[in-house]
C-alpha cells in the first residue's frame, strides 16, 4: 500500500530514514529497541510522528561489541 497523502506531522519509514540520514532498517531497529513508536498507520505501513523521529535520532544509542562507530 502506498500512501496517496500522508497526514501532516507524520512520516513513513522511508521518509523518516531520509530525514535522519539512515537506512529504513535503522528506523525499524529503533522501533524494536523502543527508541521510537509507531504513531499511526498499519503494522505493515506504519507512520511515525516527526518530533518522535527527531528525538530518536538524537537519543543516545546503546553500543554493542562489534558495532561500528557513526561519529
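The lone criterion from (1) surrounded by 11 or more Cβ atoms within 10 Å (Cβ to Cβ); (2) in contact (Cβ under 8 Å) with a residue 40 or more places away in the chain; (3) farther than 17 Å from residue 57 by Cα left unmet by residue 42 is number (1).
In the condition set (1) within 13 Å of residue 57 (Cα to Cα); (2) assigned to a helix (DSSP H, G or I), residue 22 is compliant with all but (2). A search for C-beta distances below 6 Å between a residue of the stretch 1-15 that is in a loop (DSSP other than H, G, I, E, B) and any residue that is at pLDDT 85 or above and surrounded by fewer than 18 Cβ atoms within 10 Å (Cβ to Cβ), counting only pairs 6+ apart in sequence or on different chains, returns 1/45; 9/50.
The values are calculated or read from the model by the stated rules, or taken from the named source; none is laboratory data. If you're wondering where the values come from, they're calculated on a predicted model, not measured in any experiment. For neighbour counting, all protein chains shown are included, and Cβ atoms are generated from backbone atoms with ideal geometry for every residue, glycine included.
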